[in-house]
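The values are calculated or read from the model by the stated rules, or taken from the named source; none is laboratory data. Everything numeric in this text was worked out from a predicted model, so none of it was measured. We place every Cβ from the backbone using ideal geometry, glycine too, and count neighbours over all the protein chains shown.
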């Protein structure tokens, strides 16, 4: 039901806090894959397969799921506000709008480290 889905999303969101180091690493990995011309959804899959931390893997899988549903990357990340701060999401949204997502993510990785 819709209530169950909302409850599951809130539970996932509340436990989806990741460290700054993990956020920087996944951001850099995503930037590298996007710069190589790999589509966002495939890049997210690649990052989820590369990470050794279950919490980070589950987070990326959740974001990828939203992207596959048609959400933009920033919108998908907004489902996990504890993992992706507002400024981070706004910057990703800017990168999406300008077509420079790889460059923006690289800068975000530098900033997050």
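In segment 11-31 there is no residue matching the filter, namely being outside any helix (DSSP H, G or I) and at pLDDT 95 or above.
All conditions but one from (1) farther than 20 Å from residue 112 by Cβ; (2) modelled with pLDDT of 95 or more apply to residue 60; the one that does not is (1).
Considering only residues in segment 33-44 that are over 11 Å from the mean Cα position of the chain (by Cα) and without any contact (Cβ under 8 Å) to a residue 60 or more places away in the chain, the one that is farthest from residue 70 (Cα to Cα) turns out to be 36.
Residue 81 fulfils the conditions (1) buried (at least 19 other Cβ atoms within 10 Å of the Cβ); (2) in contact with a helix residue (DSSP H, G or I) (Cβ under 7 Å, 6 or more places away or on another chain); (3) closer than 20 Å to residue 18 by Cα except for a single criterion, (1). Scanning segment 32-53 for residues that are crowded, with 16+ Cβ neighbours inside 10 Å and part of a loop (DSSP other than H, G, I, E, B) yields 38, 51.
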